[in-house]
Amino acid sequence: MERRHLPLTRGSSRNRGSSRNRGSSHNRGSSLSRPLGLLALAAIPVAVLGIFFLLPVIGMVGRGFRPEGRWDVPGVLAVLGRSQVQSALWFTVWSATVATAVTVLLGLPAAYVLHRLALPLRRLVRAALLVPFVLPTIVVGIAFRVLLTGPLSWLSIDGTPVAIIAGLVFFNVAVVVRAVGAAWESLDARPAEAAAALGAAPWTVFRTVTLPALRPAIVGAASVVFLFCATSFGIVLTLGGLRYRSVETEIYLLTTNLLDLQGAAALSLLQLVVVVLLLAVGARLRAVPPSGQRVPVRPHRPGVGDVPQLLLTALVLGFVALPVGALVVGSLRVEGRWSLANYRALTSTGSHQALLEPATTALDLSLRIAVDATLLALTLGLLVALSVTRRTHSRAERRLRGTLDALFMLPLGVSAVTLGFGFLVTLDRPPLDLRDSPWLVPIAQALVALPLVVRTLVPALAGIDDRQRQAAASLGAGPLRSAVVVEVPVLWRPLLAAAGFAFAASLGEFGATSFLARDENATLPVVIYRLIGHPGPMNYGMALAASCVLAATTAVVMLVVERLRVPSLGVL
Amino acid sequence: MLSLREVSVRYDGVCAISGVSLDLPDGEILAVLGPSGSGKSTLLRAVAGLEPAEGSIAWDDRSLAGVPTHRRGFALMFQDGQLFAHLSVAANVAYPLRLRRIGRQERARRVAELLELVGLGGYDARLPGTLSGGERQRVALARALAVEPRLLLLDEPLSALDAGLRERLVHDLRRILRAAGTTALLVTHDQDEAFTVADRLAVVREGRLVQEGPVAEVWRSPADPDTALFLGYARVLRDGPAATVARAAGVSVHGDVVVAVRRSALVLDETGPLSGEVLEARLTPDQLRLVVDVEGVGEVDAVGGAGSHPAVGERVRLRAEQARLSLLH
């Protein structure tokens, strides 16, 4: 009996959707042209995704499966039997699980404090917490190295799994705070009040009423965090070195150092399967908007009962601030004195010819590429969002829409290394020889940023009641006019926010870019990685200074995004 | 016994409730009646401990200041029930019993008993999402009663329902509350609901308590013209017209008088003392409703039996029913 509930409510929400469309159901005669129209709208992004994502990934994976032009499936399966691969697999699973659990446990109290309590500077703190998420992973790695080898060296956890997990938590805690916080903020206060009036103490209210209501948001955030942890590249590479390898870094090592494409292909495929499964689970668990009116709560003043949560939030803030602080301090110290020399050195090419071009040139290039990638990601993302949120009439159409939606989430979890290397092996001959094209890097970065853009735009577009368009049309507005009246006012903020996310993600992209960028046109994250790879205190200092510049740039972008007040990430 | 003394609630400096004093003896049902936005729900939430209030709220002379909601022993029933959507009907009703660590068997027995009381026996396994609005409210009532609360707080319990259902449920509510012997505070904007369910009535307007007393008494003599109009009186007459109508009803008056008349205060009667010209006539299934320009009074409502049907412009004679009008002071 209880089981009936889920399909029932799903069904009813679907019915609600279709009853909205009833006004235009008379033109159902054109049942075939509608899916075609949907495809036409989605054609460009699908083509781009096909050529620049599926083709490289398939090419890369195919190369592993057919090493000498012959299928060699047993050989690929044998890869999974290698002890090194198994240990990488095991490490990925357990480190991602632990990191996800810690992230959720730390993120929940912070989500409560930052979204339900009336505190001064609440928005600023929320924006500050979002910075780690958009910080280039390579910068996160370096910041932790500085912290763990410097002020916190007495903990002696540098180079241990603890350091990697700490890095992953640092990177992902914002996801939980944002996603769960947004759900918590819009939670109806009355069920909790009803429980309290029935005699439930605050903790019981939380356990029996609030937590079940938040469960979709928590599970959704946790699955995304797990995805990010399991496919993290920059953090594991810089903090784990060669001793602790995840599947992602193993793919990198197999591809670049050992040229073992078969092994890399097997792991890429395994990762792809796991990611698809996780995305499917995530889509099922994604919060269904509750029906009926809700009474949103006003944030209340912190009371005595909020002290533990406040303390935990302070802990989270400290945890986020420490590595960043250590990084900034480290960049300002030269030979035991305060100095701006590291920043001045950014105009040079470093000692021992670490770089071919000065770091400032790399920054300039990074910004240009980020602008290109952002425009690309926005255009594609907008087309995708428009096509997946168009009203549906038939089951087939809905299924097609769902497939499209899921397809564009794939870059979120596919190894950026696989993507980058796939570019190199598939787009290197006519008709598509892009090896020397300046568009190669922007395209790769746009694809990595695409899921963020789509996930920011889709909820905003889906939230528009179709009856508004119908109302505009009934008042005599043509399609363009009604778009201006209905869509644009709702969409411009999410569009700007998506631009911010895409820009930040592109600026910090490391995995794919590290393959595609050449020595003479490296982006800043690649330059930073090269600098720490070369000996010499000057190079190290420059790496820190460059990291600070990169972090500051993304932080400013994120502060602007936060000003837009878009409930981004809440629905990833 | 619940007693409020000079209770005020402020939101950002604006008074939602100011200076309300009330007593509610054990076993009685008090309806707080007021138009929407009058602050009556705020008063209820203050009693429940969900809003910080100034003044004193006490139960049996012990102040409730600083006692959190869950320790007050009051149950609150919301306008839309606020059932926990993830729990079945039985689990919803059992929720407060679980909190009180009541054993499984006893719990099952109580749940069955309560569902029977609200007329929903056998609904145990249903989920709230599959119930109708009326059923949901019944479950919410059963859940609130499961606490065996010292005081049951009802926030517009039937307002979300459609008219027919509300009419049926309002009698059920009275019966259930009586059967359970619960002391209850009911907030509503619907006077029929208040009259049917409550023993006592408190009228609230713009955050202030205007009048309080037994239902019949408040209904018979409203405190002021606005209260009279809110309680369903059709018009308020003053001075000459008021005196004319009062005298026609056999009430002796002198000086300034204010009289509130119900729609049925003036009745068609060939031997009646008042006369006037029919301005409007409308036949309803039960009676004839008229608007008459009465000499010495002006435009007023009147009724006649369904059999009579004077035309517009016709002159008619009317009598005044003493029980259908109220002298205001």
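None of the figures in this text is laboratory data; all of them are computed from the coordinates on show. The model shown is predicted, which means the values in this text are computed figures rather than measured ones. Positions of Cβ are generated from backbone atoms using ideal geometry, with glycine treated the same way; all protein chains shown enter the neighbour counts.
Which whole-number percent gives the relative contact order of the range A:406-541, counting Cα pairs below 8 Å spaced six or more residues apart?
Taking the mean separation of contacting Cα pairs over the length of the range A:406-541, I get 33 percent.
How well do other chains shield peptide B:73-83, expressed as the mean number of their Cβ atoms within 10 Å of each residue Cβ?
Per residue, the average neighbour count from other chains is 4.
Just to be sure I understand the model, the point goes 7 Å from the Cα along the line to the Cβ. What's the resulting A:Arg66 to A:Asp466 distance in nm?
4.4 nm
At 0.36 nm per residue, minus the direct Cα-Cα distance, what do B:Leu229 and B:Asp192 gain on full extension? Give it in nm, one decimal, please.
11.9 nm
Short version: what are the Cα gyration tensor semi-axes of the range A:124-263, square root of 5 times each eigenvalue, largest first, in whole Å?
So the equivalent ellipsoid measures 38, 18, 13 Å along its semi-axes.
Under Stokes-Einstein, with the Kirkwood radius over Cα pairs standing in for Rh, what whole-number D in µm²/s applies to the range B:2-221 at 37 °C and 0.692 mPa s?
185 µm²/s
Tally Lys/Arg at +1 and Asp/Glu at -1 over every other residue whose Cβ is under 12 Å from the Cβ of A:Met542; what's the total?
Once positives and negatives cancel, what remains is +2.
Take peptides B:318-328, A:75-85 and line them up by average Cβ neighbours within 10 Å, highest first, as a rough protection proxy.
Ranked by mean Cβ neighbours within 10 Å, highest first: B:318-328, A:75-85.
Compute the angle between helix B:239-248 and the longest alpha-carbon principal axis of chain B, please, reported from 0 to 90 degrees and rounded to the nearest 10.
Orientation of helix B:239-248: about 90 degrees from the principal axis.
Given all pairs of different Cα atoms, what value in angstroms does the Kirkwood hydrodynamic radius of the protein assembly as shown take?
Kirkwood hydrodynamic radius for the protein assembly as shown: 32.5 Å.
Between A:Leu310 and A:Leu121, 0.36 nm times their residue separation minus their Cα-Cα distance comes to what?
Roughly 66.6 nm would be gained on extension.
Longest span of chain A, sites excluded, free of GluC sites (Glu not before Pro) in DSSP loop with at most 11 other C-beta atoms within 10 Å?
In chain A, the maximal stretch lacking such sites is A:69-334.
State which helices in chain A qualify, where a helix is a whole DSSP H run, it must extend 20 Å or more along its own axis by its Cα atoms, and its mean Kyte-Doolittle hydropathy must be at least 0.0.
A:33-49, A:83-116, A:161-185, A:211-230, A:261-285, A:307-331, A:359-389, A:440-462, A:488-508, A:537-563
For A:Ile44 and A:Thr97, what is the calculated FRET efficiency with R₀ set at 35 Å and r taken between the beta-carbons, to the nearest 0.05?
Taking R0 as 35 Å, the efficiency between A:Ile44 and A:Thr97 is 0.35.
If the chain between A:Arg333 and A:Ala201 were fully stretched, how many nm would it gain, using 0.36 nm times the residue separation less the Cα-Cα distance?
42.3 nm
When the gyration tensor of the range B:233-328 is built from Cα positions, what are the square roots of 5 times its three eigenvalues, in whole Å, from largest to smallest?
Output for the range B:233-328: semi-axes of 22, 13, 11 Å.
Taking only DSSP H segments of four or more residues, each worth -39500 (n - 2.57), what value at 222 nm results for chain B once the sum is divided by all its residues, to the nearest 500 deg cm²/dmol?
-8500 deg cm²/dmol
Normalised radius of gyration for the range A:472-572, please: alpha carbon Rg relative to 2.2 N^0.38 Å, two decimal places.
Here the answer is 1.60, to two decimals.
What number, in percent, do you get for the relative contact order of the range A:307-450 if the mean sequence gap of Cα pairs under 8 Å and at least 6 apart is divided by its residue count?
21 percent
Express the C-alpha Rg of the range B:183-225 as a ratio against the empirical globular expectation 2.2 N^0.38 Å, rounded to two decimals.
Dividing the Cα radius of gyration by 2.2 N^0.38 Å gives 1.08.
What are the equivalent ellipsoid semi-axes of the range B:73-169, built from the alpha-carbon gyration tensor (square roots of five times its eigenvalues), in whole angstrom, biggest first?
Value: 21, 15, 11 Å, ordered largest first.
Less than 12 Å Cβ to Cβ from A:Asp158, Lys/Arg counted +1 and Asp/Glu -1: what total charge do the surrounding residues give?
Around A:Asp158, the surrounding residues sum to +2.
Take the alpha-carbon centre of the range A:199-258, take the same for the range B:185-199, and report the distance between them in whole Å.
Rounded to whole Å, the Cα centres lie 54 Å apart.
Output the 0 to 90 degree angle, nearest 10, between the alpha-carbon long axis of helix B:104-117 and the longest principal axis computed from the alpha carbons of chain B.
The helix B:104-117 is inclined about 10 degrees to chain B.
In whole Å, how far is the Cα centre of the range B:86-127 from that of the range A:486-515?
Result: 51 Å between the Cα centres.
Using the Cβ atoms and a cut-off under 12 Å, what net charge is assigned to the surroundings of B:Glu54, where Lys and Arg are +1 and Asp and Glu are -1?
Value of the local net charge: 0.
For chain B, find the longest principal axis of its Cα atoms and tell me its angle to the long axis of helix B:89-99, 0 to 90°, nearest 10.
60 degrees
At 7 Å along the Cα-to-beta-carbon direction for both B:Arg315 and A:Val425, put a label point, then send me their distance in nm to one decimal.
Label-label distance for B:Arg315 and A:Val425, simple model: 11.0 nm.
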